[in-house]
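In what follows, a structure is listed as structure tokens, so that the remarks can point back to it.
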Amino acid sequence: MFSAIDMAPRDPILGITEAFNADQNPAKINLGVGVYYDDNGKVPLLSCVQKAEEILIAAPAPRTYLPIEGLAAYDKAVQELVFGADSAVIQEKRAVTVQAIGGTGALKIGADFLKRFAPDAEVYISDPSWENHRALFESAGFKVNNYAYFDAATHGVNFAGMLADLKAMPRGSIVLLHACCHNPTGADLTSAQWTEVIAAVIAGGLVPFLDMAYQGFGAGIAEDGAVVRRFAEAGGPLLVSNSFSKSFSLYGERVGALSVVAASGEEAARLMSQLKRVVRTNYSNPPVHGGKVVATVLTTPELRQLWEDELAGMRVRIKEMREAFVTKLQAKGHDFAFVRDQIGMFSYSGLSKAQVEELRAQSIYAVDTGRICVAALNSRNIDIVIDAIAKVL
Ligand code: LMR
């Protein structure tokens, strides 16, 4: 039976890492995948993580199964981070949180859960969105549509188009929104625009699914999470996936969570029972280590402060790289000022697929759409990248 199976296409993002890994050129540069590298080009091991691991190693614990929904201390800490400890949805026990295998795992739990209870709904994702959003919701059985989002002419958001599309969606549609640091464009909504989006989602009876994979990489932890809190306050159903891959530099530990907001505590209990069913039939229960590390950091005041400082350091360095990118290209006669205004790890650079391929021939890897990971630039590689880009322009 296997002889008829075709070769699947390469993953648009992780496939680039595969090509990068296979490249023998020692000077190769990977601006593809969304990973933060420090100025030495290394993925950092955060001090707060190391200190949390020291605490955990000092009190070795057996590796028994976690509950299906994950570590209780982790789920609680995540909820407080995502909604705010004083949030009504927490006080009224209307929010449920399950530990997930990264942000992707959280999206998949949410997608499977929604497919079970809203089988005829269609999903709407931004145009463009993270490549895996479409694939993931389609693989859960949904029809996936786009809503207008990016305006290539301004390198910003086509807000009129987005709002018109939101207002035209059938009631009950699932709308995937990026809470902050839009992936891949780096173009976020303003606070005033979010007010209009929230009103349109509520008025239209849509089901918002907020994906927050980059909290802390925009303006700050609280600032980036503000829209989640505003949705929670506005009422209505709400799903939120979040990830600590980037904000804790814990990519390989796969630590994320899915939170769902219900209308009452009683409804929340029913939702939790169903979320557990989804988890149990997918992978039974989550791994221990990453969740313990994150819970330890978030609930130990000194480590929490250290994390916030280290995250701020990453955020500031990315902004410095944006500035350097713009200034250096300006010096070569190219206007990329919009990169300064973009937020988070990514820039939708405007480079064409052909230009990206030319860069790849010089061992500089970016996503075919022209998305570059600004967080992979550093003081050693930026001039090489700038020279290469200037050459292909
Ligand atoms: C990205 O967009 O590059 C990251 O979210 C990593 C991934 O899994 O695609």
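What follows draws every value from the coordinates through simple rules; no lab data is involved. Everything numeric here is computed off the predicted structure, so don't read it as measured data. Positions of Cβ are generated from backbone atoms using ideal geometry, with glycine treated the same way; all protein chains shown enter the neighbour counts.
Here is how the numbers come out for the structure above:
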item: Prolate/oblate/rounded call for segment 88-244, Cα gyration tensor, a/c under 1.5 rounded; result: rounded
item: GNM top mover of 33, 261, 43 - the chain, alpha-carbon springs below 10 Å; result: 43
item: Residue 320 paired with residue 230, simple spin-label distance in nm, labels 7 Å along Cα-to-beta-carbon; result: 3.1 nm
item: Segment 65-299, dipole about Cα centre (Lys/Arg Cβ +1, Asp/Glu Cβ -1), debye to the nearest 20; result: 700 debye
item: Ranking of 244, 150 by count of other Cβ atoms within 10 Å, fewest first; result: 150, 244
item: For residue 100, residues with placed amide H under 5 Å, excluding near neighbours; result: 256, 257, 258
item: Crossing angle, helix 289-299 versus the chain [Cα axis fit, 0-90 degrees, rounded to tens]; result: 80 degrees
item: 348, 214, 283 arranged by Cβ crowding within 10 Å, fewest neighbours leading; result: 283, 348, 214
item: Relative contact order [Cα under 8 Å, 6+ residues apart], the chain, whole percent; result: 26 percent
item: Segment 228-249 and segment 1-32: distance between their alpha carbon centers, rounded to Å; result: 31 Å
item: Using θ = phi - 60° and Karplus 6.51 cos²θ - 1.76 cosθ + 1.60, couplings along segment 305-315 (whole Hz; Gly, Pro as x); result: 5, 4, 4, 4, 5, 5, 5, 4, x, 5, 4
item: For residue 150, distant residues with modelled amide H under 5 Å away; result: 127, 158
item: Residue-by-residue Karplus 3J(HN,Hα) for segment 61-72, coefficients 6.51, -1.76, 1.60, Hz, glycine and proline x; result: 10, x, 8, 7, 5, 7, x, 3, 7, x, 5, 4
item: Gaussian network model of the chain, Cα within-10 Å springs - most flexible of 19, 192, 234; result: 192
item: Segment 97-204: trypsin sites (Lys or Arg not before Pro) falling in loop per DSSP and having at most 11 other Cβ within 10 Å; result: 143, 171
item: Hypothetical label at residue 27: residues of segment 352-379 whose amide nitrogen lies under 19 Å (7 Å Cα-Cβ projection); result: 356-366, 377-379
item: Charge dipole of the chain about the Cα centre (unit charges at C-beta), most positive-ward option of 337, 74, 183; result: 74
item: Net charge, residue 188 excluded, C-beta distance under 12 Å - Lys, Arg +1, Asp, Glu -1; result: -3
item: Likely footprinting exposure, 74, 149, 65, fewest C-beta neighbours within 10 Å first; result: 65, 149, 74
item: Amide H contacts of residue 207 (H built 1.01 Å from N, under 5 Å, at least 5 apart or other chain); result: 172, 173, 174, 175
item: Alpha-carbon centroids, segment 159-217 and segment 321-347: separation in whole Å; result: 26 Å
item: Using θ = phi - 60° and Karplus 6.51 cos²θ - 1.76 cosθ + 1.60, couplings along segment 275-280 (whole Hz; Gly, Pro as x); result: 4, 4, 5, 4, 5, 4
item: Within the chain, percent of DSSP bridges classed antiparallel, to nearest 5; result: 50 percent
item: Per-pair calculated FRET efficiency, R0 = 56 Å: residue 270 and residue 331 via Cβ, rounded to 0.05; result: 0.40
item: Distance between segment 124-143 and segment 254-289 - C-alpha centres, whole angstrom; result: 21 Å
item: Three principal axis lengths of the chain [C-alpha, angstrom, descending]; result: 62, 56, 55
item: Angle between the chain longest axis and helix 102-117 axis [Cα atoms, degrees, rounded to 10]; result: 50 degrees
item: 31 Å Cα-Cα threshold exceeded, pairs from 28/246; 42/328; 167/319; 51/319; result: 167/319
